[in-house]
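Below you'll find the structure, written out as structure tokens, and then a few comments.
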Amino acid sequence: MEQKNIIGYSKEYEIKDHPSVEGLKIIEGKSNFPISWLNKQGYCEYQLYLEHMKGIKTQATPEMTHGIQIHKELENIFKESSTPSTFEDAVEASKKEASMSRECFVIAPDYGIRGYIDEIWMTPDEIVIIDDKPGRTPYQSTMNQVRAYCLAYKNMTNEERKIKGALRERGTGNLFWIEVFTPEVEKEIKFTIDRMHGLFDGTKPFIPTKNPNKCQSCNFKNDCEHAN
Ligand code: SF4
């Protein structure tokens, strides 16, 4: 499969910082959050409150640091062996010839989401959007993250080919979860994204987890009044 390094987009947006929520942006007049935040939302919404509303900083865990390092190495190898392309040209060309890209930025101002897809395969028949994760368990949170990437990609391209979301065991070729992005899945992820916007605009409460195992491994446990 041809390797394409996505380096440009036909559309540019004016991006402003949100006045009170760290990391939230205002794009096209609407709040816009990084898709990776869905991973935290599925773990414990209160983490989002502590980090982005209260501004509490935590140290990266050794697992996080290791993950970032592997990610960087793969990205550097990819950049050396790939051909530069704009996003739009890569999508169009893939209707005739398959290609793959890494670190592909997607943004959907209509839904208030943005993020980087770890790897995307574009073939004449289908689009496969892959997120690399440690381990082999598909959690609701990680599935939601991939579903939001699918939604953003679809919103940018009006894609008519089948779109699939997948999770891959980091550092391997093992796709341990894969699903077609159906209208039902799309409806569900839009509902979750709406909830996220409700958290940040104050219309919905940040609900802390009741699972003590999650609190045990949580980086915020020393600063959290709900730790159990
Ligand atoms: S300590 Fe528990 S309740 Fe508090 S943010 Fe962490 S996971 Fe959530």
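Collect the residues in region 28-53 that are without any contact (Cβ under 8 Å) to a residue 24 or more places away in the chain and either on the phi < 0 side of the Ramachandran plot or aromatic (F, W, Y) (or both), keeping them in residue-number order. Before you say what the answer is, go through the steps one by one.
First, pick out the residues of region 28-53 that are without any contact (Cβ under 8 Å) to a residue 24 or more places away in the chain: 29.
Across region 28-53, there are no qualifying residues.
Residue under question is F176, and the condition is that it be buried (at least 21 other Cβ atoms within 10 Å of the Cβ) and either at pLDDT 95 or above or hydroxyl-bearing (S, T, Y) (or both); does it hold?
Values: buried (at least 21 other Cβ atoms within 10 Å of the Cβ): no; either at pLDDT 95 or above or hydroxyl-bearing (S, T, Y) (or both): yes.
So F176 fails the test.
For N32, state whether it is touching a Leu at 6+ places or on another chain (Cβ under 9 Å) and more than 16 Å from the ligand (Cβ to nearest atom). It would help to see each step written out before you state the result.
Values: touching a Leu at 6+ places or on another chain (Cβ under 9 Å): yes; more than 16 Å from the ligand (Cβ to nearest atom): yes.
It is true that N32 is touching a Leu at 6+ places or on another chain (Cβ under 9 Å) and more than 16 Å from the ligand (Cβ to nearest atom).
When you scan region 62-76, do you find a residue that is within 16 Å of the ligand (Cβ to nearest atom) and in contact with a Cys (Cβ under 9 Å, 6 or more places away or on another chain), even just one?
No, every residue in region 62-76 fails to be within 16 Å of the ligand (Cβ to nearest atom) and in contact with a Cys (Cβ under 9 Å, 6 or more places away or on another chain).
State the number of residues belonging to region 185-228 that are touching a Leu at 6+ places or on another chain (Cβ under 8 Å) and basic (K, R).
Looking only at that region, the number is 1.
Taking N5 as meeting all but one of (1) of a type outside the set (K, R); (2) surrounded by fewer than 11 Cβ atoms within 10 Å (Cβ to Cβ); (3) not in a helix (DSSP H, G or I), write down the number of the exception.
The number of the failed condition is (2).
Listed residues M1, M64, M100; which is at pLDDT below 90, over 27 Å from K204 (Cα atoms) and touching a strand residue (DSSP E or B) at 6+ places or on another chain (Cβ under 6 Å)? Please lay out each step first, then the result.
Working: M64 fails: touching a strand residue (DSSP E or B) at 6+ places or on another chain (Cβ under 6 Å); M100 fails: at pLDDT below 90.
After ruling out the rest, the residue left standing is M1.
Mind telling me which of the residues R161, R168 ends up being in contact with a Phe, Trp or Tyr (Cβ under 8 Å, 6 or more places away or on another chain), in contact (Cβ under 8 Å) with a residue 24 or more places away in the chain and basic (K, R)? If you could, list the steps in order and put the result at the bottom.
Values: R161 fails: in contact with a Phe, Trp or Tyr (Cβ under 8 Å, 6 or more places away or on another chain).
After applying the criteria, what remains is R168.
Could you please let me know if G198 is surrounded by fewer than 19 Cβ atoms within 10 Å (Cβ to Cβ), at pLDDT below 95 and more than 17 Å from the chain's Cα centre (by Cα)? Lay out the reasoning, then the answer.
Details: surrounded by fewer than 19 Cβ atoms within 10 Å (Cβ to Cβ): yes; at pLDDT below 95: no; more than 17 Å from the chain's Cα centre (by Cα): yes.
So G198 fails the test.
Is it the case that some residue within region 67-74 is touching a helix residue (DSSP H, G or I) at 6+ places or on another chain (Cβ under 9 Å) and closer than 30 Å to H197 by Cβ? Steps first, answer last, please.
Initially, region 67-74 is screened for residues touching a helix residue (DSSP H, G or I) at 6+ places or on another chain (Cβ under 9 Å), giving none.
The answer is no; no qualifying residue exists.
The values are calculated or read from the model by the stated rules, or taken from the named source; none is laboratory data. Nothing here was measured: the structure is a model prediction, and the numbers come from that model. Don't worry about glycine lacking a Cβ; one is built from the backbone with ideal geometry, like all the others, and counts go over all protein chains shown.
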